[in-house]
Amino acid sequence: DYPGRQKMLKKTKHVSTETLAPELLACLFEKLNDGVPYITWGHSVGTWVCFEFLIAARKCGLPMPKAAFFNAFPAPHMPVSKRRWTKSKNMDDAALRTALTDWDKEHLTGAGKVVFDEPNWMPVYEPQMRADFRLFDEYKFRHTGCPKFEFPIHSWHMEKEHYNTADQVET
C-alpha cells in the first residue's frame, strides 16, 4: 500500500512520484534482488508511479520485470498540453467530487459511491484523492532521451474512460 492508504493510513501521503517511487523501491529492493522473475502492474495514476519506480530500479542496476501492465492512464511522456483533466489542487469539495466521479462515472455512481459517504469521505477518501490527484496533476516527465525498456509493456484503455483516449494510453 502507498503511505496514507489501508494499513498505512496514518502515514504521510505522497503528492509526488519523485518521493513515492523511491520509497516503494526501498520497500521492494530486497525482493527485486532475490532472483525471482516478476512483473509490474499499474492502474490509473499507478501507471506513472510504476514507470518512475522502474526508472529508479534500472538506475540502481536491479533486474527488470518480465513485463509491465499499465491500464487506464496515458503514457507518462504525453505532453501536459494534451492532458484532458482540470488540475484539482484548488478545487472545492463539490468540484473534487465531480472530477473524481468523471474518472469512472459508472463505478463511482454505482458500487464505488460509498467513498463519498460519511463518516469516511472527509477523514479518509477526500485527502487520499487530493494526494492522488496531485501525483498526476503535478507530474513532470524528466526522462527524454532515456533508453526504452527492453521488456514488453501491455496497456489497456478502458472503454468508458472520460479523460483518456485510447491513443493516449497506447502510446
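Spin-label model, LEU9 to LYS59: label points 7 Å out along the Cα-to-beta-carbon direction sit 3.4 nm apart.
Which sequence of TYR163, TYR2 reflects their accessible areas, 1.4 Å probe, from the largest down? Show your work: numbers first, answer last.
Details: TYR163 25, TYR2 55 Å².
From most accessible down to least: TYR2, TYR163.
For segment 37-158, what does the accessible surface come to per residue with a 1.4 Å probe? Please give it in Å². It would help to have the intermediate numbers written out before the result.
Numbers: 6710 Å² over 122 residues.
Accessible area per residue: 55 Å².
With bins 5 Å wide beginning at 0, the percent of Cα pairs of segment 1-133 falling in each bin runs 2, 9, 16, 20, 20, 15, 10, 6, 2, 0.
Relative contact order of the chain: what whole-number percent is it, with Cα pairs under 8 angstrom and at least 6 residues apart? Intermediate values should be presented prior to the final figure.
Working: 201 pairs, mean separation 50.5, N = 171.
This gives 30 percent for the chain.
Using r as the Cβ-Cβ distance of MET122 and LYS148, and R0 as 41 Å, what FRET efficiency do you calculate, to the nearest 0.05?
Working: r = 43 Å, r/R0 = 1.05.
Taking R0 as 41 Å, the efficiency between MET122 and LYS148 is 0.45.
Under conditions of 20 °C and 1.002 mPa s, segment 44-100 yields 157 µm² s⁻¹ as its translational diffusion coefficient, taking Rh as the Kirkwood radius over Cα pairs in the Stokes-Einstein equation.
Rounded, prolate or oblate: pick one for segment 6-80, where a ≥ b ≥ c are the square roots of the eigenvalues of its C-alpha gyration tensor, a/c under 1.5 means rounded, and failing that, prolate if a/b is larger than b/c, else oblate.
Working: a/c = 1.63, a/b = 1.12, b/c = 1.45.
Note, shape of segment 6-80 comes out oblate.
Report note on the peptides 44-51, 100-107, 121-128, 72-79: ranked by the mean count of other C-beta atoms within 10 Å, highest first, their order is 44-51, 72-79, 100-107, 121-128.
Could you look at the chain and say what percent of its accessible area is carbon and sulfur, using a 1.4 Å probe and all protein chains?
56
When the alpha carbon gyration tensor of segment 76-171 is reduced to an equivalent ellipsoid, the three semi-axes, largest first, read 28, 16, 13 Å. Here LYS59 is the anchor, and the lysines within straight C-alpha reach of less than 29 Å, apart from those fewer than 8 places off in the same chain, are LYS11, LYS13, LYS31, LYS82, LYS140, LYS148.
For segment 97-171, what relative contact order do you get, as a whole percent, if you take Cα pairs closer than 8 Å and at least 6 residues apart?
Working: 28 pairs, mean separation 24.8, N = 75.
Once divided by the residue count of segment 97-171, the mean separation gives 33 percent.
The label-point distance for VAL36 and ARG84, in a model that sets each label 7 Å from Cα toward Cβ, rounds to 3.9 nm.
Helix-derived [θ] at 222 nm for the chain: sum -39500 (n - 2.57) over DSSP H runs of at least 4, divide by residue count, nearest 500?
Values: 6 runs with 62 residues, N = 171.
The per-residue figure over the chain is -11000 deg cm²/dmol.
The values are calculated or read from the model by the stated rules, or taken from the named source; none is laboratory data. As the structure is a computational prediction, the values presented were derived from the model and not from experiment. Cβ atoms come from the backbone with ideal geometry, glycine included; neighbour counts cover every protein chain shown. Accessible surface areas use protein heavy atoms only, side chains included; no ligands, DNA or RNA. Shrake-Rupley method; radii C 1.70, N 1.55, O 1.52, S 1.80 Å.
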